[in-house]
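Structure record follows, encoded as structure tokens.
The values are calculated or read from the model by the stated rules, or taken from the named source; none is laboratory data. Worth saying up front: this structure is predicted, and the values here are computed from it rather than measured. For neighbour counting, all protein chains shown are included, and Cβ atoms are generated from backbone atoms with ideal geometry for every residue, glycine included. What goes into the accessible areas is simple: the full protein's heavy atoms, side chains included, and nothing from ligands, DNA or RNA. Shrake-Rupley method; radii C 1.70, N 1.55, O 1.52, S 1.80 Å.
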Amino acid sequence: MSDKIPLLVLNKLSSEHQAQIAAVYDVTYAPTAAERVAAVAQHGAEFRAVLTIGVIGLTPEEIAAMPKLELICAMGAGYEGIAVDAARARGIVVANGAGTNDDCVADHAFGLLIAAVRNFHSLDRLCREGVWRESIPQPPNVSGKRLGILGLGTIGQKIARRAAAFDMAIGYHNRKPREAVAHRYFDSLKALATWADVLVLATPGGPATRHLVNAEILDALGPQGWLVNISRGSVVDTEALAAALREGRLAGAGIDVYESEPKRPEPLIGLDNVILTPHVAGWSPEATQASVDRFMANAEGHFAGRGVVSPV
């Protein structure tokens, strides 16, 4: 038996990152559902730490099967799949990778925003088909548009910084106004959507935000409005979004996250006024390395007795 601290890893990692972590911890790598079940059943009594991601989480039953567990870390900022209440009831520390991929997500969000408003998806197809610009409706400016942000956390604020460079008016909706923020606050999502030309979703996932963006919100955004989602697929009612795009009740959308992940969002596939990416907004070599390094710092801080760097 190794004298290293036993660690269960549930999310996929490159061989390089596995090696980085295994240099310090006794790693059981279980990224598939079958491997996960087997690891908990066979070695649950030994694990003192778990590394996971928000969308695959850690269940109350799994926590109960690990009597020595004292630390659960999410690689990214999201932790909606982790049974935080069950962990806290046992005194288990929960930490995340807050801040490690903010720039990457904000960059991607703004790329989707430009692509949606300028309709890159259709323009690329039309160009390949030999259609010249005079046969195509002119796509609107990005500059000068009103940008509404749902969730003005660290990522939302970085999106706002990028928008400022495009001379966009910025409004936001949170449960309550943020102190020392100059952007206009709206006390309801519907009011924000009614005001905005582009609505960007940067809110956490989970039951509290499920289908916040429904037909009513999309109609408030309107036929000259665009939606960008880099938060969680669950925040948007996919069928309502597809209907609004199909019927011209929404101008367009840029979508990185969707309810059917990892399967493609079937209702959106045939639509020309949506650009889709497969939940990669937070993915880059730089962001992934930073999130692995954050896990190492969280775990080292915890086991050294100083505490984690970014507690949930």
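The residues of the range 96-217 have, on average, 53 Å² of accessible surface per residue, using a 1.4 Å probe with all protein chains present. Full extension of the chain between residue 179 and residue 239 yields a length gain of 18.0 nm, computed as 0.36 nm times the residue separation minus the alpha carbon distance. Each 10 Å bin from zero holds the following percent of Cα-Cα pairs in the range 186-290: 16, 49, 28, 7, 0. Across the chain, Cα pairs under 8 Å and at least six residues apart give a relative contact order of 16 percent.
Highest average first, the peptides 235-242, 140-147 ordered by how many other beta carbon atoms sit within 10 Å of their residues are 235-242, 140-147.
Helix 102-117 and the long axis of the chain differ in direction by around 20°, with both axes built from C-alpha atoms.
Using the structure shown, select from 12/263; 176/263; 4/158; 190/263 the pairs with a Cα to Cα distance greater than 28 angstrom. The pairs that break the limit, which is 28 Å between Cα atoms, are 176/263; 4/158; 190/263.
Computing Rg and the Kirkwood Rh from the Cα coordinates of the chain gives a ratio, Rg/Rh, of 1.02. Sorting 27-35, 177-185 by average packing, meaning the other beta carbons within 10 Å per residue, from highest down gives 27-35, 177-185.
The protection proxy used here, the mean number of other Cβ atoms lying within 10 Å of each residue, ranks peptides 148-161, 287-300 as follows, highest first: 148-161, 287-300.
The fraction of accessible area contributed by carbon and sulfur in the chain is 54 percent, rounded to a whole number (1.4 Å probe; ligands and nucleic acids excluded).
Only helical runs count toward this figure. For the chain, summing -39,500 (n - 2.57) over DSSP H runs of n ≥ 4 and dividing by all residues gives -10500 deg cm²/dmol at 222 nm.
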